[in-house]
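*Asks:* Provided herewith is a single structure, encoded as structure tokens, for subsequent inquiry.
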Amino acid sequence: MRKSILFFIILLTILNSCKKSEIKDNLNSCYANTSAQSIVHEGISREYVLFIPDSYDGKSTVPLMLNFHGFGDYASNYLNTADMRSVAETDTFILVYPQGSCSGGSSHWNPCPKGEDNKSTADDLGFIEALISDISSKYEVDRTRIYAAGYSNGAMMAYGLANFKSNLIAAVASVSGAMLDCTGSTSHPMPIVHLHGTSDKVLPYQGSSDYDSSQSTLDYWIDFNNTSTSPTVTTDNNGAIPIEHYVYGGGDNSVSVEHYKYIGGDHVWFNATFQGQNTAELVWNFVSRYDINGLR
């Protein structure tokens, strides 16, 4: 009898190990990161690409910037598309590009705790919380200045953190993204900057049957933060395409909601500049004005 029980336990262990191996193989089947690091979350190895600037000396705390790739992409490739390394070097902050998990052969992010809006059962919110904790244990991170940015599905993930992990996140930037319907748990005024092109055919500027419009997302945060509903507007017509900058200021804790409207812009991490600032600079110059208590 004891031998039978022991055999059964060993068999379950082998099957469980095989299942985890299959999951890991599936996770790795849709991306091929270079120079990636990893942590184990829920028994699964999750990757990320980390950039520590030469200007970091470990003597004082520095901000942490998370930047999330879009659907089907991988972290080391996205780093080259949405490259914030020169900004991190100049302003001394730690930069991390997390890797989404795979489902159906495509990498993705799950911005909601669970439900129909997610693409799989992967616990991405928990993964990012664990990742922040792990990086903070190895480097001098200012826990009041952790920021989230993302492109497309990665922007959805940044909004997911604003909604469900706001105790960790000081400000959020969305590039060609949308916010899903799972909202309502944000614990403090949340500075938001939303960059979007009017000719985006993947996540349309005016919204679709599946995704809210850019203005609807802005209105949600304008209302949540109690900002002005009448923006100040600045236009730059000197670049490749006209860009309009909307600022909804005067919110709780002096936060603002801002929007860069790229007239004719596609579904991209934008190359066009606004008043000489590229997308990486626009994102950083916005979020870095805030810590988790509001305007610094």
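*Asks:* Please find, in a Gaussian network model of the chain (springs between Cα atoms separated by less than 10 Å), the residue of Glu129, Glu116, Glu244 whose mean-square fluctuation is greatest.
*Replies:* Glu116
*Asks:* Along the Cα→Cβ direction, 7 angstrom out, place labels at Ser86 and Asp57. What is the inter-label distance in nm?
*Replies:* 2.5 nm
*Asks:* So what is the diffusion coefficient of the stretch 126-249 in µm² per second by Stokes-Einstein at 25 °C and 0.890 mPa s, using a Kirkwood Rh over Cα pairs?
*Replies:* For these conditions, the coefficient is 157 µm²/s.
*Asks:* Rg and Dmax of the stretch 34-91, Cα atoms, in Å?
*Replies:* Cα-based Rg and Dmax for the stretch 34-91 come out at 13.1, 38 Å.
*Asks:* May I pose another question? In this model, which of Lys114/Lys201; Lys114/Lys261; Lys114/Lys138; Lys59/Lys138; Lys59/Lys165 are farther than 23 Å apart at the alpha-carbon?
*Replies:* Lys114/Lys201; Lys114/Lys261; Lys114/Lys138; Lys59/Lys165
*Asks:* Still on this structure: Under 20 Å from a label point 7 Å along Cα→Cβ of Thr144: give me every residue in the stretch 43-62 with its amide N that close.
*Replies:* 58-62
*Asks:* When a footprinting reagent is the concern and you count Cβ atoms within 10 Å, what order do Met157, Met179 take, fewest first?
*Replies:* The order, fewest Cβ neighbours first, is Met179, Met157.
*Asks:* For the residues Ile222, Ile243, Ile263, Ile128, what sequence is obtained by ranking on other C-beta atoms within 10 Å, fewest first?
*Replies:* Working: Ile222 20, Ile243 24, Ile263 15, Ile128 27.
Exposure proxy ranking, most exposed first: Ile263, Ile222, Ile243, Ile128.
*Asks:* Now for a separate question. Rule-of-thumb check for the chain: C-alpha Rg over 2.2 N^0.38 Å? Walk me through the numbers before you get to the answer.
*Replies:* Values: Rg = 20.2 Å, N = 296, 2.2 N^0.38 = 19.1 Å.
So the chain has a normalised radius of gyration of 1.06.
*Asks:* Continuing with the same structure: Does the stretch 106-190 classify as rounded, prolate or oblate by the C-alpha gyration tensor (a ≥ b ≥ c root eigenvalues; a/c under 1.5 gives rounded; else a/b over b/c gives prolate, otherwise oblate)?
*Replies:* Judged from the Cα gyration tensor, the stretch 106-190 comes out prolate (a/c at least 1.5, a/b above b/c).
*Asks:* Looking only at Thr279, Thr198, Thr90, which one moves most when the chain is put into a Gaussian network model with springs between Cα atoms under 10 Å?
*Replies:* Thr90
*Asks:* Using a Gaussian network model of the chain whose springs link C-alpha atoms within less than 10 Å, name the residue from Val255, Val193, Val87 with the highest mean-square fluctuation.
*Replies:* Val87
*Asks:* Over the chain, calculate the relative contact order: mean separation of alpha carbon pairs under 8 Å at least 6 apart, over the residue count, as a percent.
*Replies:* It comes to 15 percent, rounded to a whole number.
Here, each number is a calculation from the coordinates, and none is a lab measurement. Everything numeric here is computed off the predicted structure, so don't read it as measured data. Here Cβ is always computed from backbone atoms with ideal geometry, including for glycine, and neighbour counts include all displayed protein chains.
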